[in-house]
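Input: a single structure, listed below in structure tokens.
Computed from the coordinates by the stated procedures, all read-outs in this text should not be read as laboratory data. The structure displayed is predicted, hence computed values, not measured ones. Please note: Cβ atoms are built from the backbone with ideal geometry, for glycine as well, and neighbour counts cover all protein chains shown.
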Amino acid sequence: MNIIVTGGAGFIGSALIRYLIQHTEHHVLNIDKLTYASNLSSLDSVKDDPRYRFIQADICDQRITELINEFRPNLIMNLAAESHVDRSIDSAAPFVQTNIIGTFNLLEASRHYYSALDDVQKQSFRFHHISTDEVYGDLHGTTDLFTEETAYHPSSPYAASKASSDHLVRAWYRTYGLSVVLTNCSNNYGSYQFPEKLIPLMILNAYEGKSLPIYGQGAQIRDWLHVDDHVEALYQVATQGKVGETYNIGGHNEIRNIDVVQQICAMMDELAPKAYAHAQLITYVTDRPGHDNRYAIDASKIAQDIGWTPKQTFATGLAKTVKWYLDNLDWCQGIAQGQYSRERLGQLETT
Ligand code: NAD
């Protein structure tokens, strides 16, 4: 297959491309604008493979049509997005532009390409839109779960922009018959994640003896999934999912933010000991406006229809992740010296 991955220089996109090149025979074209959140060095292990190609381009650009027509994909996996909730609260415009207009542009280019395919080629073509559980808003009970039928109630500009893009993808299926599948996934963590997100931020701050800022009381609950499990789920949905369907992807790992940070501190005490316990660095800061209380995914549809279940528990995945960041401080250093620095962001992030 020829597979276009948009946003392939980001956290999940790069994990997906490493998986595709290392575990399949497919050819991959990575289309990425290279925003502050990207890092091409996450693809060092595959960059010289003849089945991998990178083009710097914006999914909002008309050039996308040309790239699709030239590469002739069987599968387009759309991961390009502005993805950081706090940034969307400070400035929503890039989120509306990339997440909504960019998806619209990709859908239009894909629709025209798809309409010119013959029936056999149409059968094997998929447009896979990668989305988030944040489109559902939040849960206030302790046992209810997001299913594929849960109504959309996005809280942040980020979540609203992703919800809009999901609606566009479903409309292009219903109205134009474009062959689509959608996935909505819970919070990811793992190696190569940009250190503005909760887990890498806490590991790196703890390593450097900096404060570990927690929003509110840290009581918000997220359902954590290791990125390697996510990319396997994405590949299985893209190749085995039913056209027009949505699949929720989750890790069955519901954990309060404060407990995530406490677990990181305990691992850091062991792996990078200091004269004091790392938990002493925890500081509580004013809660994020509109902060969702709890997310939790019912992933039974993907388990039943496709046979996917996560391999990592949170304990195994987190231990691997903490170790990876401590072993790859160079990768983090590269980012800190680039356009982005953790200091510049001020207050930070939980999802
Ligand atoms: P990320 O911010 O790490 O990476 C996004 C990538 O998209 C970057 O490489 C960036 O350069 C690229 N990009 C941004 N705007 C672009 C544009 N206009 N044109 C082309 N490329 C552009 O994000 P991520 O965490 O890897 O998330 C990938 C996708 O998965 C997003 O759609 C996100 O909504 C979704 N998702 C993420 C999570 C999570 O926990 N990280 C969970 C569920 C779903």
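Simple rule: put +1 on each Lys or Arg Cβ and -1 on each Asp or Glu Cβ in the chain, find the dipole, and look at I221, L139, S191; the Cα lying farthest toward the positive end is S191. Between L106, L117, L40, the residue with the greatest mean-square fluctuation in the GNM of the chain (Cα pairs under 10 Å linked by springs) is L117. Report the calculated FRET efficiency for D144 and A303 (r = Cβ-Cβ distance, R0 = 25 Å), to the nearest 0.05. The value I calculate is 0.85. Residues of region 187-213 with an amide N closer than 16 Å to a point placed 7 Å from the Cα of K323 along the Cα-to-Cβ direction: 190-192. Note on region 89-184: dipole from Cβ charges, positive end direction compared against P94, L117, T175; the farthest Cα belongs to L117. The charge dipole of the chain, taken about the Cα centre with unit charges on the Cβ atoms of Lys, Arg (+1) and Asp, Glu (-1), comes to about 260 debye, rounded to the nearest 20.
Taking the Cα centre of region 1-91 as the origin, how large is its charge dipole in debye, to the nearest 20, when only Lys and Arg (+1) and Asp and Glu (-1) carry charge on their Cβ atoms? Before the final figure, lay out the partial values.
Values: 8 positive and 12 negative charges, 41 e Å.
That gives region 1-91 a dipole magnitude of about 200 debye.
Label reach from Y176 (point 7 Å along Cα→C-beta): in region 95-111, amide nitrogens under 13 Å belong to 102-111.
Summary of the geometry: region 119-155 and region 182-209, compared by the centres of their Cα atoms, lie 22 Å apart.
Projecting the alpha carbon convex hull of the chain along each direction and taking the average yields 16.5 nm². The slack between N2 and D330, meaning 0.36 nm per residue of separation minus the straight C-alpha distance, is 114.8 nm. So what is the 222 nm mean residue ellipticity for the chain from helices alone, if each DSSP H run of at least 4 adds -39500 (n - 2.57) and you divide by all residues, rounding to the nearest 500 deg cm²/dmol? Computed ellipticity for the chain at 222 nm equals -12000 deg cm²/dmol.
Just how many pairs of Lys in the chain have C-alpha atoms closer than 16 Å, counting pairs that are eight or more places apart or on different chains? Numbers along the way, then the final one.
Numbers: K122/K242; K197/K210; K210/K274; K242/K301; K311/K320.
Total qualifying Lys-Lys pairs in the chain comes to 5.
Summarising the strand pairing of the chain, around 10 percent of its internal DSSP beta bridges are antiparallel. Note on the chain: dipole from Cβ charges, positive end direction compared against H27, T239, L201; the farthest Cα belongs to H27. Residues whose amide H lies under 5 Å from that of L75, counting only those 5 or more places away or on a different chain, are N2, I4, R126; hydrogens are built 1.01 Å from N in the peptide plane.
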